[in-house]
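Before any comments, here is the structure.
The values are calculated or read from the model by the stated rules, or taken from the named source; none is laboratory data. Keep in mind that this is a model prediction, so the values were computed, not measured. Every residue, glycine among them, receives a Cβ derived from its backbone with ideal geometry; neighbour counts consider all protein chains shown. These accessible areas exclude ligands, DNA and RNA; they are computed on the full protein's heavy atoms, side chains included. Shrake-Rupley method; radii C 1.70, N 1.55, O 1.52, S 1.80 Å.
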Amino acid sequence: MKIGIPKELKNGETRVAVSPEGVARLKQAGHQIWVQRGAGRGAGWSDKAYQQSGARLAKDLISVYRQGELICKVKEPQPEELLLLNASHVLFTYLHLAGNRKLIAGLQKSGCVALAYETVSPATGQLPLLQPMSQVAGRMALVLGVNYLRRDQGGKGLLLSPVDQFLGGQVMILGAGHV
C-alpha cells in the first residue's frame with residue numbers, strides 16, 4: 001500500500017501520525033511511505049530520520065495526497081486537505097465528527113473512506129487508540145487547571161495538594177496553599 005503522512009495543518013498541532021520507527025515497520029511489511037518534509041519536526045523527528053527508516057520525502061501537502069492511498073494523520077483534515085481527498089483515498093485519523101457538519105459534508109463530497117481512530121474497537125469493546133490520548137488529555141487538564149489557578153493567570157492563587165496519604169489514592173483538593 002502507498003501511505004502518505006502529511007504535516008498537520010491544524011493550529012498548534014505538532015504531532016505526527018507515524019514515527020520513524022513506525023515507518024520502518026511499515027516499510028518492512030512491504031508498504032511505500034511518503035512523509036511530507038517537516039512533518040515530524042514538531043515531535044522531534046527529522047526528515048533524515050524518516051529517510052533512514054525507508055520513507056520518501058514529499059515536498060508538499062499536495063504530493064503526499066497524490067502519492068498516498070492511505071493518508072495517516074493525527075487530527076481531522078482542514079479545509080484545504082478536504083479538497084485533496086478523493087475516492088481513491090482511505091483517511092485514518094482522529095475525526096471528532098460530532099457537531100462538525102462542514103467536515104462531514106467535506107468527507108462525503110470527497111468520496112474517501114474515512115476511519116476514525118476514536119472508533120476503532122476490538123471485540124473486547126475497548127478503544128485502544130482513544131485510551132492513550134484520553135490519558136494524556138486527563139493529565140494535561142490537571143496541569144492546565146493548576147496553571148489557571150495562579151494569580152498571575154487571573155486565578156485565586158490556590159495550589160492543588162495531594163491527599164493520597166489520607167485516602168489511599170491520587171486525589172487532589174484545593175486550598176493547601178497560595179501562589
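May I ask you to list the aspartates and glutamates whose Cα is less than 16 Å away from that of residue 10, ignoring any residue fewer than eight positions away on the same chain?
Within the straight-line cut-off, residue 10 pairs with 60, 76, 80, 81.
Under the rule of -39500 (n - 2.57) per DSSP H run of 4 or more residues, summed and divided by the residues of the chain, what mean residue ellipticity at 222 nm is obtained, to the nearest 500 deg cm²/dmol?
-9500 deg cm²/dmol
Which value, in debye to the nearest 20, gives the size of the charge dipole of the range 57-127 about its Cα centre, when Lys and Arg are +1 and Asp and Glu are -1 at the Cβ?
120
Rounded to the nearest 5, what is the percent of antiparallel bridges among the DSSP beta bridges in the chain?
20
Rounded to the nearest percent, how much of the accessible area of the chain (1.4 Å probe, protein heavy atoms only) is carbon and sulfur?
55
Past the 32 Å Cα-Cα mark, which pairs from 2/102; 102/156; 2/109; 48/102; 59/102?
Over 32 Å Cα-Cα: 102/156; 48/102.
Among 87, 51, 18, pick out the residue whose Cα is farthest towards the positive end of the charge dipole of the chain, where Lys and Arg carry +1 and Asp and Glu carry -1 on C-beta, about the Cα centre.
51
Run the 1.4 Å probe and let me know the accessible area of residue 1, rounded to the nearest 10 Å².
Residue 1 has an accessible surface of roughly 100 Å² with all protein chains in place.
Round to the nearest 10 and give me the degree value, 0 to 90, for the angle of helix 101-110's Cα axis relative to the longest principal axis of the chain.
20
With +1 on the Cβ of every Lys and Arg and -1 on the Cβ of every Asp and Glu, and nothing else charged, how large is the dipole of the range 1-86 about its Cα centre, in debye rounded to the nearest 20?
The dipole magnitude comes to about 260 debye.
Just how large is the dipole of the chain about the Cα centre, in debye to the nearest 20, putting +1 at every Lys and Arg Cβ and -1 at every Asp and Glu Cβ?
So the dipole magnitude of the chain works out to roughly 360 debye.
Let me know the shape class of the chain, please: from the alpha-carbon gyration tensor, a ≥ b ≥ c as square roots of the eigenvalues, rounded when a/c is under 1.5, otherwise prolate if a/b is greater than b/c, or oblate.
It is prolate, given that a/c is not under 1.5 and a/b is the larger ratio.
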